Amino acid sequence: MMDELTLIQRIVVWILPVIFAITGHEVAHGWVAKKLGDNTAADQGRLTLNPLKHIDILGTLVIPGLLLLTFTGFVFGWAKPVPVDPRAFKKPRQAMAIVAVAGPLSNLLMAAAWALLARIGVMLEIEYISFPLIYSGVAGISINLVLALINLLPIPPLDGSRILSGVLPDYWAWQYNRLERFGFIFLLILLATDVLQYLLAYPMYYAQQLFFSLAGM
């Protein structure tokens, strides 16, 4: 349904959902880390939804902007990672896995919130109010589902790798974590070759259907 929008309209519709999805994801990591005993993020003032505290020029602005400009229909990004000190935890790997789960979980909760916003737009049936709510809701659902699914991939340093590392035996977790230096390159290759979109296509489709039904669409 976004195809009928102009470039400016797309930017207006997507900007808040993208910023909140990315920053909310990072705040969730820091908040859970604090609950488990690590105050690093809190001490650095990162437990805030103020996007200025989290913006990464490349991941928060350039990459999402280019994806919107090229009309790929696929938008994602990232913020500056919230600092977490594993040494603050009694069981570092297990605690890091819990901290990692918080990011994708926060995106699913935000997707549900955007779905409810879109549902309000559907129920109002007042064009100049309904359309902005519905379009923003669709964008919010989409970007949050993309972030949740991408981050659940077991590619270091994505959240999925932290979760997997938390359940692996010590030796294999150590060997697995050594791949982190290659992870970002591997992710870019998957994105550039469209393999990433292929991997996410079916999970994304079914997840969208679930949240769109919640939105009454």
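The values are calculated or read from the model by the stated rules, or taken from the named source; none is laboratory data. Remember, predicted model here, so these are calculated numbers, not experimental data. Quick reminder, even Gly has a Cβ in these numbers, built from the backbone with ideal geometry, and neighbours come from all protein chains shown. Ligands, DNA and RNA are stripped out before the accessible areas are found, and what is left, the full protein with its side chains, is counted by its heavy atoms. Shrake-Rupley method; radii C 1.70, N 1.55, O 1.52, S 1.80 Å.
If you check L152, L158 for being in contact with a Gly (Cβ under 8 Å, 6 or more places away or on another chain), farther than 20 Å from W14 by Cα and either of a type in the set (D, E) or open to solvent by 50 Å² or more (accessible area, probe 1.4 Å) (or both), only one passes: L152. For L190, the conditions (1) open to solvent by 40 Å² or more (accessible area, probe 1.4 Å); (2) at pLDDT below 90; (3) among the hydrophobic types (A, V, I, L, M, F, W, C) all hold with the exception of (1). Has segment 127-146 got at least one residue that is within 24 Å of A95 (Cβ to Cβ) and among the small types (G, A, S)? Scanning segment 127-146 turns up no residue that is within 24 Å of A95 (Cβ to Cβ) and among the small types (G, A, S). Of the residues making up segment 36-59, just one is at positive phi and without any contact (Cβ under 8 Å) to a residue 40 or more places away in the chain, namely G45.
Evaluation of L66 against the conditions (1) part of a helix (DSSP H, G or I); (2) modelled with pLDDT of 85 or more shows that the sole unmet condition is (2). No other residue among R162, R119 is closer than 19 Å to R181 by Cα and basic (K, R) apart from R162. Cβ separations smaller than 7 Å between residues 6+ apart or across chains give the following pairs from segment 177-201 residues that are over 26 Å from G166 (Cα atoms) to residues that are in a loop (DSSP other than H, G, I, E, B) and open to solvent by less than 80 Å² (accessible area, probe 1.4 Å): Q197/F74.
In segment 173-185, the condition of being part of a helix (DSSP H, G or I), among the basic types (K, R) and within 18 Å of the chain's Cα centre (by Cα) is met by no residue. If you check A111, A95 for being more than 19 Å from I19 (Cα to Cα), open to solvent by less than 60 Å² (accessible area, probe 1.4 Å) and either outside any helix (DSSP H, G or I) or at pLDDT 90 or above (or both), only one passes: A95.
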